[in-house]
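All remarks here apply to the structure that follows.
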Amino acid sequence: MTYEVSITKCDSYELEKVKNSVATSLEPIGGLQNFVKAGDRVLVKLNLSVAKPPDAAVTTHPAIAQAVVESVQELGATPVVGDAPGGGCSAATYRALLKTTGIQRVIDETGCESVRFDDDKTHVVSERARTFKRLWICKVVTEADVIIGLPKLKSHLLTYYTGAIKLLYGYVPGLTKAEYHLHTARDVALFAELLLDLYETYPPTVSVMDAIVGMEGEGPTNGIPRKIGLIMASASCTALDYVATTLANLHPLNVPTVKVAHEQGIGPSGLQDITIFGEALEPLIMEDFKKTTTTSEWWLKEGASTTRFARLWMAAKPRVNASICKQCGECAKDCPPKAMQFTEGSVPRVDYDKCIRCYCCQELCPNGAISVSTPFVRRIVKERIGLARLEALVRGRTQSK
């Protein structure tokens with residue numbers, strides 16, 4: 001199968017530049033008119049994970065959202081913007097999130113409709129899903145004629161990278177996300193299967209990736225903004241993620257969502273399967289892109305021969321910085337296995353026997369007080385014999401059994 005991805009340069013979030021670059025990125029794959037018709041109800045799926053300002057590079061930039069919304073309106077269709085952030089999100093906190101992220105200004109200026117995904121959910125039995133046949137999905141997703149995904153290119157502690165496929169976790173109501181994290185636990189490949197089942201059930205008609213400023217390091221909410229200067233577009237989320245992970249100097253097939261997509265036959269096996277329009281890919285690869293602390297921790301998957309040892313001594317762990325912590329208790333409230341122990345007026349403590357390494361606490365902490373650290377034993381191993389050599393040794397042991 002041949003996939004198509006378009007890459008366009010865009011050096012700023014100036015609205016007219018962004019709008020022109022979005023149009024340019026869509027042109028080789030037929031233009032927006034190839035996907036949107038007059039009278040369509042178009043869900044513009046944003047990344048609104050937490051309430052942080054646009055320059056933090058955490059959420060879809062409002063300029064990208066406005067460019068797409070206006071383009072949809074020009075085609076005579078009705079755009080609807082929204083998302084389901086992680087954790088509990090009331091109507092009041094969602095309004096505050098829209099204001100902080102700059103999306104409320106887009107809503108006011110364009111007059112487009114806004115929806116809080118958590119307002120209504122529905123139970124879907126999916127014939128296309130392979131693992132998770134029964135899914136709780138926000139009802140607005142099921143009612144759209146067209147879905148346009150607006151992911152941001154970022155690193156991610158759990159899935160190493162978040163982009164077009166990971167964006168679709170926003171289909172799931174906020175509080176239900178915790179239940180899925182508990183079910184998939186430490187098995188990141190199983191979590192990837194969940195994301196791909198969401199993709200197969202309600203695939204975006206087209207995705208436009210905000211890579212003008214992305215995020216590296218300890219993403220998806222507490223990493224470092226990284227100027228990339230690109231907008232990318234594709235009708236295939238899996239192909240778009242393959243190209244984006246290549247840009248971030250990750251081995252695509254080591255990224256759980258990309259790897260599982262290939263194994264299921266719904267994603268490319270290599271760049272030879274992808275037709276790239278616009279900018280050449282190789283000169284754009286960021287050799288110094290900072291990966292997360294957790295990247296390549298393949299041994300955390302259930303069933304690996306080193307799982308018990310890795311969990312106890314080798315796994316990157318969330319830690320609370322007492323000097324930054326505001327003792328708000330949000331981490332404890334949002335922790336799926338309730339591994340965060342919080343007493344009002346004190347700094348939360350982590351019960352590592354319960355911790356499933358989903359890193360929701362780090363992602364959703366409003367003050368950036370939780371980091372993920374590499375244990376001492378792993379640092380020593382890496383310094384003395386090299387982590388790559390250790391992985392090769394253990395893989396050999398696993399395959400021989």
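Looking at the structure I just gave you, is Thr142 in the same structural domain as Ile228 (by TED's automatic domain parsing), of a type in the set (Ser, Thr, Tyr) and closer than 28 Å to Ala332 by Cα? Walk me through it before giving the result.
On the way: in the same structural domain as Ile228 (by TED's automatic domain parsing): yes; of a type in the set (Ser, Thr, Tyr): yes; closer than 28 Å to Ala332 by Cα: no.
When the stated conditions are applied, Thr142 does not pass them.
Check off (1) surrounded by 24 or more Cβ atoms within 10 Å (Cβ to Cβ); (2) touching a Pro at 6+ places or on another chain (Cβ under 7 Å); (3) at pLDDT below 95 for Asp118 and give me the number that stays unchecked.
With respect to (1) surrounded by 24 or more Cβ atoms within 10 Å (Cβ to Cβ); (2) touching a Pro at 6+ places or on another chain (Cβ under 7 Å); (3) at pLDDT below 95, Asp118 is out only on (1).
On the given criteria, is Trp299 within 18 Å of Ala192 (Cβ to Cβ), at pLDDT below 95 and in a helix (DSSP H, G or I)?
Working: within 18 Å of Ala192 (Cβ to Cβ): yes; at pLDDT below 95: yes; in a helix (DSSP H, G or I): yes.
Criteria met by Trp299.
Ala332 passes all but one of (1) assigned to a helix (DSSP H, G or I); (2) at pLDDT below 90; which number fails?
If we test Ala332 against (1) assigned to a helix (DSSP H, G or I); (2) at pLDDT below 90, just (2) comes out false.
What pairs come up if the first residue lies in the stretch 233-260 and is without any contact (Cβ under 8 Å) to a residue 60 or more places away in the chain and surrounded by fewer than 24 Cβ atoms within 10 Å (Cβ to Cβ), the second is of a type in the set (Val, Ile, Thr) and outside any helix (DSSP H, G or I), and their beta carbons are under 7 Å apart, counting only those six or more places apart or on different chains?
Correct list of pairs: Thr246/Ile285; Asn249/Ile285.
If Gln66 meets every condition in (1) in contact with a strand residue (DSSP E or B) (Cβ under 9 Å, 6 or more places away or on another chain); (2) in contact (Cβ under 8 Å) with a residue 40 or more places away in the chain; (3) in a helix (DSSP H, G or I); (4) polar (S, T, N, Q) apart from one, which number is that one?
(1)
So for the stretch 107-126 (the condition being over 18 Å from Val81 (Cβ atoms), assigned by TED's automatic domain parsing to the domain that holds Pro225 and of a type in the set (Phe, Trp, Tyr)), does at least one residue qualify?
Within the stretch 107-126 (the criterion being over 18 Å from Val81 (Cβ atoms), assigned by TED's automatic domain parsing to the domain that holds Pro225 and of a type in the set (Phe, Trp, Tyr)), the answer is no, since none of the residues qualifies.
State the number of residues belonging to the stretch 1-55 that are small (Gly, Ala, Ser), part of a loop (DSSP other than H, G, I, E, B) and either crowded, with 23+ Cβ neighbours inside 10 Å or touching a residue at least 12 places away in the same chain (Cβ under 8 Å) (or both). Break it down stepwise before answering.
Here is the first cut: in the stretch 1-55, the ones small (Gly, Ala, Ser) are 6, 12, 21, 23, 25, 30-31, 38-39, 49, 51.
Narrowing further to those that are part of a loop (DSSP other than H, G, I, E, B): 12, 30-31, 38-39, 49, 51.
Remaining after also requiring either crowded, with 23+ Cβ neighbours inside 10 Å or touching a residue at least 12 places away in the same chain (Cβ under 8 Å) (or both): 12, 38-39, 49, 51.
Looking only at that region, the number is 5.
The values are calculated or read from the model by the stated rules, or taken from the named source; none is laboratory data. As the structure is a computational prediction, the values presented were derived from the model and not from experiment. Methodologically, a virtual Cβ is constructed for each residue, glycine included, from the backbone with ideal geometry; neighbour enumeration extends over all protein chains shown.
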